[in-house]
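These notes are about the structure you will find just below.
The values are calculated or read from the model by the stated rules, or taken from the named source; none is laboratory data. Model, not experiment: these values are computed from the prediction. Heads up, the Cβs are rebuilt from the backbone with ideal geometry, glycines too, and the neighbour counts pull from every protein chain shown. These area figures cover heavy atoms from the full protein model, side chains too; ligands, DNA and RNA do not enter into them. Shrake-Rupley method; radii C 1.70, N 1.55, O 1.52, S 1.80 Å.
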Amino acid sequence: MAYRQNHDPYYGSQYNNHNGYPDYPQQAPAAVDYPPVQPAGGFAQPYHQDYEAQSTWDAKSTKSYETGYASSQAHLNPQYEMSQVSLANAPPLPTMPYAGGQGNYPPYQRPGMMRDQSSAGWSSARDKLMKRRSVRQVALQQGNLVLDVPVPSHIVPAGQDKVEEMSTMRYTAATCDPDEFMRSKYSLRPYLYGRKTELFIVMTMYNEDEVLFTKTMNAVIKNIAHLCSRNKSKTWGPDGWKKVVVCVVSDGRNKVNKRTLQVLTLMGCYQEGIAKDEVGGKDVTAHIFEYTSSVVVSETGEVSQGGCPVQIIFCLKEQNKKKLNSHRWFFNAFGPLIQPNVCVLLDVGTKPTGTSIYELWKCFDKHANVGGACGEICVDTGRGCSLILSSPLAASQNFEYKMSNILDKPLESVFGYISVLPGAFSAYRYKALQNGPDGKGPLASYFKGEAMHGGGADGAGLFERNMYLAEDRILCFEIVTKKREGWVLKYVKSAKAATDCPTTVAEFISQRRRWLNGSLFASIHATVFWFRIWTSGQNFFRKCWLQLEFIYNAVQLFFSWTSLANFYLAFFFLVSSATKSNSDAFNFLSKGAGADVFEVFLKLYIALIFVVLVCSLGNRPQGSKWTYSLCMVLFGICNCITLWCAGYTVYMAVPHTLSGWEHFGQLVENNKAFREIVISLAATYGLYFIASFMHFEPWHMFTSFIQYMFLLPSLMYAMCNLHDVTWGTKGDNGAAKDLGGAKKVKDDKGNDMMEVELPTAREDVDQLWSASRNALRHKPVEEKEHRDAATKQSDHDRNSRTNVVLAWVGTNMLMILVFTSEAFLNWVNEHVETTDDSSFNPYLTFLFFALAGLSAIRFFGSAMYLLLRLVGH
């Protein structure tokens with residue numbers, strides 16, 4: 001391909017103008033009459049000229065006129081108006097020394113500071129820019145529409161006004177599928193500059209607001225500044241930013257948040273009036289904006305100079321085609337051109353700490369066989385843990401995240417196969433993701449789910465579509481089992497990132513529907529195809545080691561499948577055991593009250609299962625949130641009663657005097673109830689405390705443990721909605737034709753040109769930048785979300801859902817009926833020894849020892865992980 005290869009990004013005193021734009025001199029001609037902009041905070045003098053005044057366009061091929069703009073991008077108009085902006089009053093930009101460790105980060109100001117209520121409105125500034133656009137003829141680049149347009153003068157760094165990537169933004173109108181991007185001869189600036197990219201970071205978003213976007217973007221900028229501050233590193237240093245490319249992919253132009261676009265405008269990565277929805281009769285699939293930004297923008301529009309430049313690619317997809325399609329633009333469209341060493345995946349709203357990205361990269365740098373890694377994702381608990389103290393739902397998720405990071409992830413990391421690297425914050429070696437010569441491999445399997453959920457996969461069953469809801473689990477399995485290659489997956493505890501969690505019951509249940517269904521079927525897939533470990537490129541000892549992990553995962557899968565029955569049976573046997581004798585666990589209410597309590601709550605437990613089952617089959621979580629909330633609370637009360645009865649049984653079984661504890665060994669050996677309950681509780685909740693203290697993170701045990709116990713049994717909705725294989729967002733089937741198109745014409749010499757409508761005055765661009773800054777200072781009016789009605793599923797999907805639910809509920813109910821039947825209880829009374837202090841069921845013996853064994857394995861993995869970290873592996 002005849003791509004332009006310029007390996008010196010700073011060649012020439014003027015950037016190479018190949019879009020028909022003139023080379024602007026530094027001094028403005030006297031003919032231009034609008035107020036100059038004062039230099040701001042270390043930034044360069046802006047250009048003081050009108051495009052038309054200095055245009056070198058051929059008068060015969062240039063036709064200037066004011067457009068009758070009315071509805072172009074109307075969905076971006078704000079709901080409030082302000083008066084005309086004065087550029088002369090634009091405040092200077094303060095510096096933001098990231099690497100020096102000075103100042104606060106991000107650059108927030110007190111509410112109300114510098115708030116000019118008479119500042120201009122974004123809408124009026126945009127209308128002015130759109131009306132003053134003129135038609136230009138632009139030469140094609142490799143047959144594609146590519147424009148290099150000057151950025152607002154406020155953000156051009158001092159002395160960099162002649163440097164292309166610092167002074168101009170590149171716009172590319174892509175009209176192809178992501179897989180055809182390179183073959184269609186599209187290009188990107190890092191490729192044209194011949195730069196070697198070490199880190200390629202993608203931030204995916206849908207309609208996240210400016211608060212979530214700036215939280216993630218500013219954290220990424222801080223991480224890049226940290227890389228640039230590592231002066232003794234062989235890879236990083238002051239020019240380390242040239243080895244990092246940040247790609248922001250927004251899923252749908254009509255879905256993107258307008259205030260997030262205003263933040264990107266302030267950063268120089270987006271401009272109004274440039275994008276086109278049609279090029280030469282072809283529909284545009286993605287609008288790609290490229291700029292090397294040197295500023296940091298806060299959620300309130302405060303703009304500060306950053307510690308280092310950041311190469312940013314903003315890909316605004318024309319249609320909403322979901323997250324997998326966004327990753328396909330990242331991996332299949334941009335990846336082959338960028339050719340990075342490590343790819344980092346981030347969701348907008350996730351905030352990595354200041355060195356987390358470096359810690360992830362260091363894992364790949366130290367271990368050549370690491371194909372993927374993840375850090376510790378924790379719940380954003382708010383200031384002073386206010387969120388987990390005020391929201392039991394957030395607290396329960398905080399406990400779940402913490403214990404997974406303390407027990408599960410370290411165990412899996414020791415084996416070398418982590419079942420899931422969270423898409424919200426993870427990293428992959430680009431080489432490990434590549435498909436084989438036959439077109440099969442990790443990325444092919446990863447993107448297989450996009451066609452399934454888009455209705456383009458003939459013959460794909462419900463099992464497969466649910467499995468590919470957990471596409472990140474499929475990707476992990478494919479990397480480890482890749483033929484002729486031996487990659488492992490690692491957990492990096494020092495790489496931390498905070499994320500928002502659902503705080504309402506409806507959001508929580510909807511999220512778990514995707515997670516649980518996808519993870520269940522992906523786990524079944526990995527268990528069924530365990531033999532692929534032996535066809536991979538792993539060495540023999542690693543294969544044996546991984547085989548042990550797959551056996552452990554199969555046992556975990558069995559207990560996950562029978563969790564409904566196990567919760568009920570534990571409740572039944574423990575409560576019945578503690579309420580049979582005269583001195584039952586509820587004598588403090590009244591003598592013999594235990595039998596009545598047991599009978600009431602036994603029926604309540606069964607009723608709750610039935611209610612949740614019916615609601616899950618016929619109701620959306622948003623429509624039955626109060627029913628779900630009540631059921632969760634009642635399930636929590638049943639769980640508390642179970643724990644109370646377990647504790648009471650132990651209390652009644654142990655000696656109540658000091659002399660009785662002198663022969664502790666005989667007590668454990670002879671007292672069956674004490675032995676089995678204590679071992680089970682110590683192996684689960686006891687190990688929670690021990691492992692948490694081992695990792696020096698015990699606080700969640702005191703702030704979130706009780707809330708977690710309340711919400712533990714409430715997980716039925718997901719299984720009852722197997723037919724719903726969506727991510728919860730609705731895709732667009734069409735594109736809004738409101739941007740205008742680029743028409744192919746011939747110039748005087750017969751060359752193909754594109755006739756496009758572009759902004760004509762630099763003043764308009766600067767005014768819109770200032771208006772965007774002022775607009776962000778005013779909080780918008782909160783709007784209630786209106787969810788679309790759920791689409792009807794096919795009869796086949798409904799039948800499949802019903803069959804699977806019947807099999808799942810039937811398996812668990814069969815266990816309940818067998819182990820609670822009168823025949824089984826009589827057999828127990830005849831063949832199992834009972835004591836005066838307790839009446840115990842043999843099923844609990846199996847259940848407690850099984851749980852103890854699984855917990856011991858997790859504890860062993862966690863200890864091994866810490867040991868390996870101490871010895872430096």
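Summary table below
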read-out	value
Per-residue ³J(HN,Hα) for the stretch 545-560, Karplus 6.51 cos²θ - 1.76 cosθ + 1.60, θ = phi - 60°, Hz, x for Gly and Pro	5, 5, 4, 4, 5, 5, 5, 4, 5, 5, 5, 4, 5, 4, 6, 5
Proximal charge balance of residue 262 [Cβ under 14 Å; K/R count +1, D/E count -1]	0
Extent along principal axes [Cα atoms of the stretch 248-290; Å; largest to smallest]	32, 19, 16
Cα centroid separation - the stretch 748-773 against the stretch 266-298, whole Å	12
By accessible area with a 1.4 Å probe, ligands and nucleic acids excluded, highest first: order of 827, 236	827, 236
Karplus-derived HN-Hα couplings along the stretch 586-597 (A = 6.51, B = -1.76, C = 1.60, θ = phi - 60°), whole Hz, x at Gly and Pro	10, 5, 5, 7, 5, 5, x, 6, x, 4, 5, 4
Charge tally in the Cβ shell below 13 Å around residue 336, where Lys, Arg are +1 and Asp, Glu are -1, residue 336 excluded	+2
Relative contact order, percent, the stretch 144-352 [alpha-carbon distance under 8 Å, six or more residues apart]	34
Cβ-derived FRET efficiency at R0 56 Å, residue 846 paired with residue 339, nearest 0.05	0.55
List 525, 656, ordered by accessible area with a 1.4 Å probe, largest first	656, 525
Inter-site label distance for residue 595 and residue 511 at 7 Å from Cα along Cβ, in nm	4.6
Percent carbon-and-sulfur accessible area, the stretch 144-352, ignoring ligands, DNA and RNA, probe 1.4 Å	45
Exposure rank, largest accessible area first [180, 198; 1.4 Å]	180, 198
Rounded, prolate or oblate (a/c below 1.5 giving rounded, otherwise prolate when a/b exceeds b/c) for the stretch 144-352 by Cα gyration tensor	rounded
Mean accessible surface per residue for the stretch 144-352, computed with a 1.4 Å probe while every protein chain stays in place, in Å²	23
For residue 359, solvent-accessible area (1.4 Å; no DNA, RNA or ligand), Å²	40
Per-residue SASA entry for residue 226, accessible area with 1.4 Å probe, Å² rounded to 10	40
For the stretch 144-352, share of DSSP beta bridges that run antiparallel, in % to the nearest 5	55
Distant alpha-carbon pairs in the stretch 254-373 (separation over 18 angstrom), percent	65
Counted charge near residue 538, where neighbours are those whose Cβ lies closer than 13 Å (Asp, Glu -1; Lys, Arg +1)	+4
Relative contact order (%) - the stretch 156-279, alpha-carbon pairs under 8 angstrom, separation at least six	31
Probe 1.4 Å - accessible area at residue 512, Å² to nearest ten	20
